[in-house]
Amino acid sequence: MIAGAALVALAVVLLAVFWFILKPSSNIEKMTPETADVFVTAYLDPSLDQKMNLANLVHKFPKLQNDQQVSKSISDGLNQAFVNAGLSFDIDIKPWLGSRIAFALQTGTNVPAAVLVDSRDDGKAKAFLNRIRKIEEGKGKTWSDTTYQGVTISIGTTSADTTAQPDVYAYLDRTVVIGNSESLVKELVDTDQGKKPRLVDSSGYKSMSSVLPSDRLLLLYVSGKRLIGQLKDQLQKTQAGGTPIATDQINQLDAFTGLGFTISARSDGLAGDLELKIDSSKLNAASRAALTASSGRNRLLSWVPARAYGLFAATGLKQSLQTGADQALASSPDAKQTFDQMGLTGTNGALAHLTGDMALEVSPGSAAAPGGTLLVGTDSAGSLQNFLDKLGTTLVDSGSVADLKVQTQAYKGTTITSLTAPSLTDQGYAPAYTVTGAGVAIIGSSPEQVQAAIDANQAGPALPSAAKYKTAVGRADQDAGTVLYLDISETARTVRGALSGDQLSSYDRDVAPNVQPLSAFILTSKNQSDRVSEKVFLLIQ
């Protein structure tokens, strides 16, 4: 009895291993040529972990709480998408649809491209391809068949327009191929038969794959060399009659060697990973310095209140402002005098003392509209305080805002300066600023916002300690210098609070149920000497 049960258990395990681990791999990668400049593939039959995670996430939405609802929603959407083409997803495609679908594109004349779809039923897949000739669009074409390396390739052309690209399809190695180029389909045949190199064996693809998650739902790969060559040619042609672009700027495009992006399902959300490969030797000195500048964790995050709706933080503010100032100085001889007088440049100018860290946060305000602060790091509090004071005085003296006055108040060891005017205070705003002894400038929509930033740093709670933010950034990159964060649930709650009557009823009925599972969104970015790494995470709870 025990032995029999053990035998059954072993059989179940072996079946699971076969279906989820040892099942035959797709032929799509086998036939995609190295010359594909863009390659996208979706995994319709992903790993067991991906299936379980995705099902868990989808079932959190009220209209998708069981597999039947999910299947029906997908089928309904796809049927609607194909109806104008005279096709039915349920009847024409679903019966043979396999585990992978992909798109391959080559740059060049007419941009050859093809869609590749795994098939699990040869007869039904071929019947679908034959049906292409019978739908409305197919009837308007003249069809011919040619055999290449034992594979039948069907070509549909339009006699009324000899310049139009043909419709081309073939059934190759249990894969439906539909494209716009006979030569590309032939190249797919050659690659499948081992006569031409495969994309997956190229050094660029291998290098990109090594830094991307292998367990995924979708993959995008872009090869840089030919794509950038085409882009440079187009730029040189289009600028012939317009504003010229510096050759140095155009040549820097050669630094782009490839891009990879994946989407994968986690137990508590969807993750996106992007890698942008760069050959820094082909960048100019300024761009190379910006790429290799420190992009570690932004120290200003500890000044962001935990109640913030959203945040954008970066570490390259100094380089960006310096580039803008240099361009202004180059185009206007008077700009230097103005910048020096304001204390932005010149002796002990504020710009030279910026650390590069900045953060912009939005949080609840004193009025219906939200408030927020801009945080800027400096290694000279005096230089930045001088610049802000001169900027405030200039605004008051300009008379652009009626009855604008300067007020100051002491708060926890700092002096907060605010600009008040009836037209601003009526809306809940009184722009205010201070530069702390810790080298942080706080520019807020009101003195209360400045105080909240000081409180967050001195006593908390600050955003990095908030449970939701900790979860989201933990799924992305905690050490990235650039962060874009949105607390979706709190933002939705605030939006709902501003509604009333029919708008509120409509929101509760149509919007709230679908937004409720969405908790937060985060994007992080980190520069390295040979690449830019970005991570995206949508927290679903």
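The values are calculated or read from the model by the stated rules, or taken from the named source; none is laboratory data. None of these values were measured; they are calculated from a predicted model. Neighbour counts are summed over all protein chains in view; Cβ atoms, including those assigned to glycine, are modelled from backbone coordinates with ideal geometry.
Odds and ends about this structure:
So that you can scan it fast, the table gives a plain yes or no per residue for (1) within 20 Å of the chain's Cα centre (by Cα); (2) crowded, with 19+ Cβ neighbours inside 10 Å; (3) at pLDDT below 90:
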site: Arg475; (1), (2), (3): yes, yes, no
site: Asp487; (1), (2), (3): yes, yes, no
site: Arg493; (1), (2), (3): no, no, no
site: Ser500; (1), (2), (3): no, no, no
site: Gln516; (1), (2), (3): no, no, no
site: Ala520; (1), (2), (3): yes, yes, no
site: Asn527; (1), (2), (3): yes, yes, yes
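- Extreme residue, modelled with the lowest pLDDT, among residues of region 326-354 that are surrounded by fewer than 19 Cβ atoms within 10 Å (Cβ to Cβ) and not in a helix (DSSP H, G or I): Pro333
- Residue within region 401-408 that is part of a loop (DSSP other than H, G, I, E, B) and crowded, with 19+ Cβ neighbours inside 10 Å present: yes
- Selection status of Lys124, out of contact with any helix residue (DSSP H, G or I) (no Cβ under 8 Å at 6 or more places or on another chain) and modelled with pLDDT of 90 or more: yes
- Among (1) at pLDDT below 85; (2) within 15 Å of Lys526 (Cα to Cα) - the single one Ala314 does not satisfy: (1)
- Those strands (runs of 3 or more DSSP E) of region 465-541 in which at least 3 residues are within 30 Å of Thr292 (Cα to Cα) and charged (D, E, K, R), considering only elements entirely within it, cover 531-540.
- Only one of Asp49, Asp37 that is in contact with a helix residue (DSSP H, G or I) (Cβ under 7 Å, 6 or more places away or on another chain) and either under 30 Å from Gly194 (Cβ atoms) or at pLDDT 50 or above (or both): Asp37
- Test: Val406 is more than 21 Å from Ala306 (Cβ to Cβ), modelled with pLDDT under 95 and hydrophobic (A, V, I, L, M, F, W, C): yes
- Count of region 32-46 residues, restricted to those that are among the small types (Gly, Ala, Ser) and either closer than 23 Å to Pro517 by Cβ or free of Cβ contacts under 8 Å to residues at least 60 places away in the same chain (or both), is 1.
- Gly86 vs. criteria surrounded by 14 or more Cβ atoms within 10 Å (Cβ to Cβ), assigned to a strand (DSSP E or B) and touching an Asp or Glu at 6+ places or on another chain (Cβ under 7 Å): no
- When restricted to residues that are touching a Ser or Thr at 6+ places or on another chain (Cβ under 7 Å) and assigned to a helix (DSSP H, G or I), region 425-447 contains 1.
- Subset of region 149-159 [modelled with pLDDT of 95 or more and loosely packed, with under 14 Cβ neighbours inside 10 Å]: Gln149, Gly150
- Within region 446-487, being in contact with a strand residue (DSSP E or B) (Cβ under 7 Å, 6 or more places away or on another chain) and either hydroxyl-bearing (Ser, Thr, Tyr) or without any contact (Cβ under 8 Å) to a residue 40 or more places away in the chain (or both) holds for Ser446, Pro447, Tyr469, Thr471, Thr482, Tyr485.
- When region 326-356 is filtered for residues that are over 12 Å from Asp379 (Cα atoms) and either under 37 Å from the mean Cα position of the chain (by Cα) or among the hydrophobic types (A, V, I, L, M, F, W, C) (or both), the ones remaining, listed by number, are Asp326, Gln327, Ala328, Leu329, Ala330, Ser331, Ser332, Ala335, Phe339, Met342, Leu344, Thr345.
- Residue check for Gln165: surrounded by fewer than 14 Cβ atoms within 10 Å (Cβ to Cβ), out of contact with any strand residue (DSSP E or B) (no Cβ under 7 Å at 6 or more places or on another chain) and not charged (D, E, K, R): no
- Residue within region 36-57 that is touching a strand residue (DSSP E or B) at 6+ places or on another chain (Cβ under 6 Å), aromatic (Phe, Trp, Tyr) and part of a loop (DSSP other than H, G, I, E, B) present: no
- Annotation note: Cβ proximity below 9 Å between a residue of region 273-285 that is among the β-branched types (Val, Ile, Thr) and a residue that is modelled with pLDDT of 85 or more and assigned to a loop (DSSP other than H, G, I, E, B) (sequence gap 6+ or interchain) occurs for Ile278/Asp530.
- Test result for Leu424, at pLDDT below 95, within 24 Å of Ala350 (Cα to Cα) and either buried (at least 19 other Cβ atoms within 10 Å of the Cβ) or over 30 Å from the mean Cα position of the chain (by Cα) (or both): no
- Residue match in region 93-116 (condition: free of Cβ contacts under 8 Å to residues at least 24 places away in the same chain, among the hydroxyl-bearing types (Ser, Thr, Tyr) and closer than 30 Å to Asp201 by Cβ): yes
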